Amino acid sequence: MTSFTPFILFSPTKNLILIPTPQAINSAAYRRMYAALHASAEFTSMGFGTSWGTRQWSDQECKEHIQTRDVTRSWEKRGMGDFALGILPLSHLSASQEPETLNILSGSQYTQFVGDEGSDAFLERITWIGYAGIRDATTTSMPVSERDFPHWLEMVEVRYGIHPDYWGKGYARRAAEAVM
């Protein structure tokens, strides 16, 4: 994988945090949630149609799927892709943060936000609820034979996948707003 500078999109409203998949892929908790989404008939039929079916991925298969479909095809090629969507523990809220402010934290701000526990431990404390992102649809969603478009025909998609337990609570809308 190419070098990637860690950053976080954080909205204090509802403690919403979005972490690029090149970072989140290292979280076993995120991979478990991602695999569980794709094993759920309720989720896959809503998101992909009934003919797609469900997937039963091992942790390694899930990691390879995320790496291939999002990190390699989107982040490494276009510098955009999916973000892991989670809810932070209340301990990460600061009284000085405005409720409707979207914070982009990188560098020393990222390090301070993650804290002394380090990035990997921090990722495991997040309650993962789904993903959201903006991707070049011609690199990810289309069959290889249909990807040779002139640059002016390339398509961008806003996508999201939210665990059914969190449907109807505004997370997809807030996540889409954050990534745009």
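Only the coordinates and a few stated rules stand behind these numbers; no lab work does. Being a predicted model, the structure only gives us computed values, none of them experimental. Using ideal geometry, Cβ is built from the backbone for each residue, glycine included, and neighbour counts are taken over all protein chains shown.
Here are a few things to note about the model shown:
- For residue 127, nonlocal amide neighbours, meaning residues 5 or more places apart or on other chains whose placed amide H falls under 5 Å from its own, are 87.
- For 159, 174, order by how many other beta-carbon atoms lie within 10 Å, fewest first: 174, 159
- Backbone geometry of segment 112-122 corresponds, through the Karplus equation with coefficients 6.51, -1.76 and 1.60 at θ = phi - 60°, to 3J(HN,Hα) couplings of 5, 5, 5, x, 5, 5, x, 4, 4, 5, 4 Hz, x marking Gly and Pro.
- Pairwise FRET efficiency - residue 167 versus residue 109, Cβ, R0 = 35 Å, nearest 0.05: 0.65
- For segment 10-63, a/c is not less than 1.5, where a ≥ b ≥ c are the root eigenvalues of the C-alpha gyration tensor, and a/b does not top b/c. That puts it in the oblate class.
- Remark: segment 54-64, residue by residue, has Karplus-estimated 3J(HN,Hα) of 10, 10, 10, 9, 6, 4, 5, 5, 5, 4, 5 Hz, where x stands for each Gly or Pro and the curve is 6.51 cos²θ - 1.76 cosθ + 1.60 at θ = phi - 60°.
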